[in-house]
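J.: The following block contains the structure, expressed as structure tokens.
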Amino acid sequence: MSICSPHECAYCRSPIDLEQRWVREKIYEPALNGHDPSYRRYHADVFAGQEVSCWEKHQMEQEISRTIARAA
């Protein structure tokens, strides 16, 4: 996933408004030695009609990817 705007959710690509809660994920890129760290931001609140937040969806996708990689 590419790095997006600091005011945009990396999962749904919608803007993160000032009054919304959000989570920041630090991106570790050893190839960028000496550069400032980069971050992705995700909505922390659940939207109407949803069961989990963008952050929780991202976490679930990461866990599924790790599980598949271990099984291979």
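A short reminder: the numbers here are calculations on the coordinates, not readings from a lab. Since the model is a prediction, treat every value here as computed from it, not as a measurement. Heads up, the Cβs are rebuilt from the backbone with ideal geometry, glycines too, and the neighbour counts pull from every protein chain shown.
J.: Rank these for me by crowding, Ser53, Ser65, going from fewest to most other beta carbons within 10 Å. Walk me through the intermediate numbers first.
T.: Working: Ser53 21, Ser65 10.
The order, fewest Cβ neighbours first, is Ser65, Ser53.
J.: Another question, if that's okay. Between Glu25 and Ala69, 0.36 nm times their residue separation minus their Cα-Cα distance comes to what?
T.: 13.7 nm
J.: With a Förster radius of 25 Å, plug the Cβ-Cβ distance of His7 and Gln59 into 1/(1 + (r/R0)^6) and report the FRET value to the nearest 0.05. Please report the intermediate quantities before stating the final value.
T.: Working: r = 21 Å, r/R0 = 0.85.
Computed FRET efficiency for His7 and Gln59 comes out at 0.75.
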